[in-house]
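The values are calculated or read from the model by the stated rules, or taken from the named source; none is laboratory data. In this text, all values refer to a predicted model and were calculated from it rather than measured experimentally. Note: ideal-geometry Cβ built from the backbone for every residue, glycine included; neighbour counts use all protein chains shown.
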Amino acid sequence: MSLFEIAPVFHLLESALLAKLAHLAGFPSPGPDESPPNLPPGMFCPGGSVALLYSLQLARHRLQPDLVRFGASGQPLSVFVSKSGHYGAGKAAAMLGIGTDAVVEVATAHDGSMDPNALRDAMATAVAEGRTPLAVIATAGTTVTCAFDPLNEVADACVEHGAWFHIDGCYGASALFSTDHRHRLAGSHRADSMVWNLHKMMGVTQQCTALLLREPERLDSCFSSGAEYLFQPDKQFGEWDSGDRTYQCGRRVDALKLWLTWKARGDDGFAARIDHAVAMADFARMVIGTSDGAFVPVVDTGFTNVVFLWVPPELRPLDLEYLFSEWSEGRSGAVWDRLHRLAPRIKARMQAEGTALIGYQPIHGVNTFRVLFMNPAVGPDDVDAVLGHIARYGAEEWADLD
Ligand SMILES: Cc1ncc(COP(=O)(O)O)c(C=O)c1O
């Protein structure tokens, strides 16, 4: 991917796919049945982290149009992302010379979604301190709980401050394929940019990342070098060349994998994949909810992630609110400390015995398990098996914990 004349079919195919994805997200773009545009609404790029680099660079360029020529003006900037947002925000800020101190972590609601009031307060504080709100990164599908930030409210805050509105839909944008779940991204049409990893929920081989842009023409002014040996303005089909609109010169044809997968499964197949994943998560939630306190749900966002604890018999029924308040107030007793240390031991046992590989993560200070569903081959038996392993190893390890 660079020059149309060396990859004409791939350029058409990438453009058609981006138009279709943009249409699902509500971005301005030709409909899926129209001809692919020679300026597609975005690009495929190497992963969500790189897509964020592109987006923040475009945001800086919109704020300071002479940035490319003269470099950053030194104006202090702020980038906002929720506490549950991906750690890539800090890396991008570091790499672009914005600085990690410019990244403001916005408080979240209990489910891990960004608190819009906290965002407004954080932006007002930044302005009062003389910083310019450059961008807000809203997450559609946070890594641990799979929370969806309130996109419309984030959009309102961005409009108020003239900030770039980026959606990190790496994980959750695929909900747009499902009639039942696309409401989770209500407001996506108002974003300036959105990244979507098709290699996550849609099972396309790594790497397949679409970056969607409201104003793709900005890519030209931000990234074009006009190298005369390649991008001659008077050559045939030059308007289709993607190589002068991107930071990279040549790119892999990641779109082809999505094209083939989508052709094979169809819109219905893609929707069914999401619906199946949520149905399996619902099944897990049901098993947890009817386990007589052997498991407790910790956070429930109703989508594909199920976050829970296995509870030793002597602690049942477990009062989670009490547990969390003890931790947050620094009064955690020995028993809670043991509980915190239990999940790593259960995981290590599963790993050592080769039964399952389930990650744990602290939520409000306590290690919890998270299962998330993507694979269409996963069924209720797998859920039962995994929960069974956790309960069995949990009982054995709890007895051994000092
Ligand atoms: C919510 C979220 N954002 C960003 C990323 C980073 O994406 P990538 O691994 O494609 O750089 C991930 C992937 O792990 C993610 O889950």
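Brief remarks follow.
- Checking Leu211 against (1) in a loop (DSSP other than H, G, I, E, B); (2) crowded, with 16+ Cβ neighbours inside 10 Å; (3) not β-branched (Val, Ile, Thr), the condition it does not meet: (1)
- Here Gly47 meets the list (1) of a type outside the set (Val, Ile, Thr); (2) at pLDDT below 95; (3) within 16 Å of the ligand (Cβ to nearest atom) almost entirely, failing just condition (2).
- With respect to the conditions (1) more than 11 Å from the ligand (Cβ to nearest atom); (2) under 21 Å from Ala19 (Cβ atoms); (3) not in a loop (DSSP other than H, G, I, E, B), His183 lacks only one, and its number is (2).
- Look at the range 189-201: where a residue is assigned by TED's automatic domain parsing to the domain that holds His23 and a partner is near the ligand (Cβ under 7 Å from one of its atoms) and in a strand (DSSP E or B), sitting 6+ places away or on another chain with Cβ atoms under 9 Å, you get Met194/Asp168; Val195/Asp168; Val195/Thr209; Trp196/Thr209; Asn197/Thr209; Leu198/Thr209; His199/Thr209.
Residues checked against (1) within 16 Å of the ligand (Cβ to nearest atom); (2) without any contact (Cβ under 8 Å) to a residue 12 or more places away in the chain; (3) of a type in the set (D, E, K, R):
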residue	(1), (2), (3)
Glu14	no, no, yes
Pro28	no, no, no
Glu105	yes, no, yes
Gly112	yes, no, no
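Rundown of residues vs (1) at pLDDT 95 or above; (2) in contact with a helix residue (DSSP H, G or I) (Cβ under 6 Å, 6 or more places away or on another chain), yes/no style:
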site	(1), (2)
Ala264	yes, no
Val278	yes, no
Arg285	yes, no
Pro317	no, no
Asp337	no, no
Arg349	yes, yes
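- Test set (1) within 21 Å of Arg392 (Cβ to Cβ); (2) within 26 Å of the chain's Cα centre (by Cα); (3) surrounded by fewer than 17 Cβ atoms within 10 Å (Cβ to Cβ) - Tyr247 fails condition number: (1)
- Count of the range 1-41 residues which are in a loop (DSSP other than H, G, I, E, B) and charged (D, E, K, R): 2
- Only one of Leu309, Leu387, Leu318 that is touching a residue at least 24 places away in the same chain (Cβ under 8 Å), assigned to a helix (DSSP H, G or I) and not assigned by TED's automatic domain parsing to the domain that holds Tyr171: Leu387
- Within the range 341-361, no residue that is outside the structural domain of Phe308 (by TED's automatic domain parsing) sits with its Cβ atom under 9 Å from a residue that is among the charged types (D, E, K, R) at 6+ positions apart or across chains.
- Residues of the range 155-180 that are touching an Asp or Glu at 6+ places or on another chain (Cβ under 7 Å) and within 13 Å of the ligand (Cβ to nearest atom): His166 alone.
- Residue match in the range 228-241 (condition: of a type in the set (Asp, Glu), in a loop (DSSP other than H, G, I, E, B), assigned by TED's automatic domain parsing to the domain that holds Gly48 and buried (at least 19 other Cβ atoms within 10 Å of the Cβ)): yes
- Residue check for Pro36: out of contact with any Ser or Thr (no Cβ under 9 Å at 6 or more places or on another chain) and more than 16 Å from the ligand (Cβ to nearest atom): no
- Residue that is surrounded by the fewest Cβ atoms within 10 Å (Cβ to Cβ), among those in the range 344-366 that are within 19 Å of Gly388 (Cβ to Cβ) and in contact with a His (Cβ under 9 Å, 6 or more places away or on another chain): Glu353
- Selection status of Thr205, in contact (Cβ under 8 Å) with a residue 60 or more places away in the chain, of a type in the set (Val, Ile, Thr) and in a loop (DSSP other than H, G, I, E, B): no
- Beta carbons closer than 6 Å, at least 6 apart along the sequence or on distinct chains, pair a first residue in the range 69-95 that is over 19 Å from Asp111 (Cβ atoms) with a second that is basic (Lys, Arg) and away from the ligand (no atom under 14 Å from the Cβ) for Pro76/Arg131; Ser78/Arg131.
- Test for Ala334: is it more than 30 Å from Ser178 (Cα to Cα) and either without any contact (Cβ under 8 Å) to a residue 12 or more places away in the chain or among the aromatic types (Phe, Trp, Tyr) (or both): yes
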